[in-house]
Every structure is written in structure tokens, then in C-alpha cells.
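See below for the structure under consideration.
No value in this document is a laboratory result; all are computed from the given coordinates. Nothing here was measured: the structure is a model prediction, and the numbers come from that model. So basically every Cβ, Gly included, is an ideal-geometry build from the backbone, and we count neighbours across all protein chains shown.
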Amino acid sequence: MKFLVTYKAQVDAEWLVAWKGPDDPSTGNFSLSGEPNSDLQIFLWNGTRPYLRSGPFSGAMVAATYQSSTSSIMYATIINKGKEIYIMYSASDGSPSMRFTLDYTGTLRGLIWNSNILAWAVLFTYPFYACGRYASCGPFGYCDAVEAFPICKCLDGFKPDDGLNISRGCVRKEQMKYSDKDSFLTLPNMKVPDKFLHIRNRSFDECMEECRHNFSCTAYAYANLTIAASTIGDTSRCLVWMGELVDMAKVSTFGENLYLRLPNSTANASTQLKPNGSENNGSLSSQLASCFCV
């Protein structure tokens, strides 16, 4: 099964479109597709509004999920050929049939055929929990999916904007006075925010400097794609964020480093960026082995 994300820099049409109701097969509100303004992300849409988002694409790779009940393996391969990016799903030899469904409530499921009961069994369901929905923790808030019961939290250096409702987001504990000597706090294992600016042909250090010297820049992330099986010329993925950071999560697998700008007085030296660091975490492809990380 193959899903075309982009072709010649144009985002492909919806992969899945939900029914309008449980017994009404006309076109519903929810759909699954790429992002119109970028070839780096996958969205589940509620009309024209984001409902669920994958992390940004960071290279061609293969992710595998083992299904103990059937002793089968499902593979998700992200392939970037320059003119087209697509996701290929396959299963190990002898595996039962698998399929994806998107229902009228916006629930995305992976199903596998169970020959013992002659019915489809659920492999996974998205979203898992409320704070995994798009921007549900507000600006500068993130969904801590590592917790047994995922909840919204504030980024380091921030506090709840409304102590009674953290879903309204967070504000800085200390007012920023931007300078080119500001520190960057390394936040590991993150699903990085939406609404980034993708800067091409940058090294890790150049990506950091792009953010440091722009006083509107609040964070950046970097991936080095040179180890990926990609045919594109530019093997860097420098993302920078201006202003608010929205739709983040802390995850146990398939996350990457987010470098958050903080005043020198609040940054923790033990977790600051090391000068020669680099990232390559394949977040989108790994997430899409089971579609979304949160």
C-alpha cells in the first residue's frame, strides 16, 4: 500500500476521507493528508482545521512493528526521491490483511484480519488521549506522553498562563531580552512544534546561528539526513520557530531534540547545546509505522 505525500513539490490529495455519519457514506469533516504548505508533515484534518499532526519528516527510513497475536511484522518506509515523497506500507510474508480506517468522529485505526474469529482486530487507535490532539496544551505547553496518564505541562522556563486551566498555554517566567548571547536549552525526546520555517542547505552550527541572530526566533531543531537513503541534494533539515510554539509532546520513542531559547540566567548549563551536536531521528516515518506519535 502506497501513500503519495508530494509530487513535484505539490501536496497530494487526501489519502483517507471519513464518512459523514455511521450510516451516511457521504463526505464527512475528517480527512488525512499532507500539509498544503510543506512536504514535511502529515495531518488529520477536521474540515480545514488541524486535528492531529505527525512530527516533521527527517529522512528516508524503514520502521517496523511486530504483532505478537499474528507473529507478523508491519513495515512503514518513507522514501524521498526528490520529485516525490511517499510512504509505503507492507507486511511480512504470510501476514493477514491489514487496513486503515478513519471514522466520522476523527478516529484513525489500524486493523488486522483475525482468522480465528473471522473479524477485523484493532492494532492501534489515534488519538490516544485528549492532550494528543492538535495544540491542546496551548502556546509553549506540551503533552507529556511519557506519563502513565498524559497531561499538559509547561516548557522549562515557563509557567501556566492560567493556573486553573493549563490548556490555555504557558508564559515565560522571566521576560526575554534577546541578544546574540542567549542560551539554548536542549529538550530531548520531543515531538517538535508546528508552524516552523524550513531553512535549506544549513549545517548544524549554521542552523543554530540562524536562530541566535534572529531575535524573533524562539527555538530550532536540526536533522542530518546524510545517512538516509535519499536522492535529494540538500541533506539538511534546519527548522526554526518565530514566536509561539504550539502542538508539542514529550514522547518515549521517535522524538528529537528541540533547542529552546532562554535567557542566560535561566538556562541550565548541564543541558545546554554542545557546539558540535547533530540530530537524525526519523520522527515522521517512525510515527507513521503506527501513524502518529501522539
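Here are some notes:
- Convex hull (Cα only) mean projected area of region 141-186, reported in nm² to one decimal: 4.0 nm²
- Extension gain for SER90-PHE215 works out to 40.4 nm (0.36 nm per residue, less the C-alpha to C-alpha distance).
- Projecting the Cα atoms of PHE149, THR77, ASN114 onto the charge dipole of region 74-210 (Cβ charges, centred on the Cα centre) puts ASN114 farthest toward the positive pole.
- Cα gyration tensor category, rounded, prolate or oblate, for region 71-221 with a/c compared to 1.5: oblate
- Highest to lowest packing among 255-261, 93-99, scored as the average C-beta count within 10 Å: 255-261, 93-99
- Packing-based order for 129-137, 20-28, using average beta carbon neighbours within 10 Å, highest first: 129-137, 20-28
- Check: region 98-225 dipole with +1 on Lys, Arg Cβ and -1 on Asp, Glu Cβ, in debye: 260 debye
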